[in-house]
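Just so it is clear, none of the values below were taken in a lab; they were calculated from the coordinates. Since this is a predicted model, take the numbers as computed values, not measurements. Please note: Cβ atoms are built from the backbone with ideal geometry, for glycine as well, and neighbour counts cover all protein chains shown.
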Amino acid sequence: MPFYQLNEDDLRPDDDFDPEDVPRALAAFGGTMVTKGMELAMHEHRKAELVLTLRGVVRCEADQGVWIVPPRCALWIPGNVSHGVTVAGNVEMYILFVEPDAATALPRQCCTLSVSPLLERLLLHVTRMPMLYDLDGADGRIATVLLDQLSVAPVENLNFPMPADAKLRKIAAAMMADPSDRATIDEWGRRMAIAPRTLTRALKRETGMSFGRWRQQLHILIALQRLDQGASVQTVALDLGYEGASAFVTMFRKALGKPPARYLAQRRIAA
C-alpha cells in the first residue's frame, strides 16, 4: 500500500514518515484534498523535491522566485534549498523526494520541468509503491525509468522572480493577492513612499526585468493555470485587470509567440 495519501486535514504524512529516512532513491506521496487555504512555512530537505500539481492552486517560494506551476509542468527543488508552499482550493498534487546522488543529470537550481504523460504516470505509480520497494523487482525498475525520464525533462522558463528588496517584495505580494491591480511603477512609488526610479533600478538589478515585464510574467503564470482549469479567456483577462480578451491575447501572443488557446493545445499535443 502507499505510505501516504493527502487528505483534507493535512499536507504532511504520518508522524513516523520522514522522506529523509527512506533508504531508497525515491520516496513519494500525493493525492487530493480540499482546503480553504494553507501554508507550509519555509523549510528545506537534504533530498531534492519535485512538486507536480494536477488540479488546484499551489504556489511555492524558493531560490529567490515564486513558482506558480502551470499545466504539464512540475517544480524541481534541489536539496538544501529553503522553500515554502501555499495551497488553495480543491488540490491534487504529488510530491517526489530524490536522493541527491540518484541522478547526476538533474538540475542544480530551482526550475520548472515539462512533464510528459509517461513521466506523470510513473510519478503517480511511485506514490502507490511500498515505502521500501524491492530494488531488484518491478518497482525498482520503474524507479530507474522515472529517474531517466526526469533527467531528460525539458526545462521551462516559467517563474516569477522574487526580489530581496523589502519594498519590492511587498509589491510582489500585493500583485499576487490582487493580480487585477494595474498600478504603474509611479503609483507604487507613491504608495510605498519611495522614488519610482529607485524601485525601477532595484527591480532591474535583482530580476533583470522592467516593472511591466515583471508583472507580465506573473500574469502569464496565473493565466496558464486558470485556463488549463477551464476558465475562459474573457474571464481570465478581466481577472488580471485587462479591459477585455483582445488586450490580454495580444499580451500573451507577444510574450509566448502564440495566442492562449493555441499555446495550450500545442503543449498538450507535444506532451
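Given only helices, namely DSSP H runs of n ≥ 4 each adding -39500 (n - 2.57), what is the per-residue ellipticity at 222 nm of the chain, to the nearest 500 deg cm²/dmol?
So the calculated ellipticity at 222 nm is -12000 deg cm²/dmol.
Sorted by average packing, counted as other Cβ atoms within 10 angstrom per residue and highest first, what order do 169-180, 92-103 take? All intermediate terms of the calculation are to be shown ahead of the outcome.
On the way: 169-180: 15.3, 92-103: 19.2.
Output ranking for 169-180, 92-103: 92-103, 169-180.
Among the lysines, which have Cα under 20 Å from the Cα of K204 when same-chain residues fewer than 8 positions away are ignored?
Cα-Cα hits under 20 Å: K167, K170.
On a full-extension model of 0.36 nm per residue, what is the gain between S210 and T198, subtracting their alpha-carbon distance, rounded to one decimal in nm?
Result: 3.1 nm gained on full extension.
Report relative contact order for the range 138-220 in percent, whole number only (criteria: Cα-Cα under 8 Å, sequence separation at least 6). Walk me through the numbers on the way to the answer.
Details: 42 pairs, mean separation 26.8, N = 83.
Once normalised by length, the contact order is 32 percent.
How much length is gained on full extension from T184 to R55, taking 0.36 nm per residue of separation minus their Cα-Cα distance? Write down the numbers at each step before the final one.
Numbers: separation 129, 0.36 × 129 = 46.44 nm, distance 3.23 nm.
Net length gain for the segment: 43.2 nm.
Out of T250, P179, G37, whose Cα points farthest toward the positive end of the dipole of the chain (charges: +1 Lys, Arg; -1 Asp, Glu; placed on Cβ)?
The residue sitting farthest along the positive end of the dipole is T250.
Assuming R0 = 22 Å, can you tell me the calculated FRET efficiency for the pair H43 and A138, based on Cβ-Cβ distance, to the nearest 0.05?
Taking R0 as 22 Å, the efficiency between H43 and A138 is 0.10.
Run the numbers for A173 and Q64: contour at 0.36 nm per residue of separation, minus the present Cα-Cα distance, in nm.
The span from A173 to Q64 would gain 37.9 nm if fully extended.
Using a simple charge model, +1 on the beta-carbon of Lys and Arg, -1 on the beta-carbon of Asp and Glu, nothing else, what dipole does the chain show about its Cα centre, in debye to the nearest 20?
So the dipole magnitude of the chain works out to roughly 1820 debye.
In degrees between 0 and 90, to the nearest 10, how far off the longest principal axis of the chain does helix 166-177 point, with axes built from Cα atoms?
So the helix axis and the longest Cα principal axis differ by about 80 degrees.
Under a crude label model (7 Å from the Cα following the beta-carbon direction), how far is T32 from A261 in nanometres?
2.8
Select from A193, L132, G65 the residue farthest towards the positive end of the dipole of the chain; place +1 on Cβ of Lys and Arg, -1 on Cβ of Asp and Glu, and compute about the Cα centre.
A193
Going by C-beta contacts inside 10 Å, put V115, V87, V155, V34 in order with the fewest on the left.
Fewest to most other Cβ atoms nearby, the residues stand as V34, V155, V87, V115.
How high is the relative contact order of the range 157-271, in percent, counting Cα pairs under 8 Å that sit 6 or more residues apart?
Numbers: 86 pairs, mean separation 27.5, N = 115.
Once normalised by length, the contact order is 24 percent.
Kindly state, to the nearest 0.05, the FRET efficiency for T86 paired with S151, given R0 = 35 Å and r defined as their beta-carbon distance.
0.75
Let me check against my output: what whole-number percent is the relative contact order of the range 19-156, with C-alpha pairs under 8 Å and at least 6 apart?
Reported relative contact order: 30 percent.
Under a 10 Å cutoff between Cα atoms, tell me which one of A143, A261, A193 has the largest fluctuation in the Gaussian network model of the chain.
Comparing A143, A261, A193 in the GNM, the peak value goes to A193.
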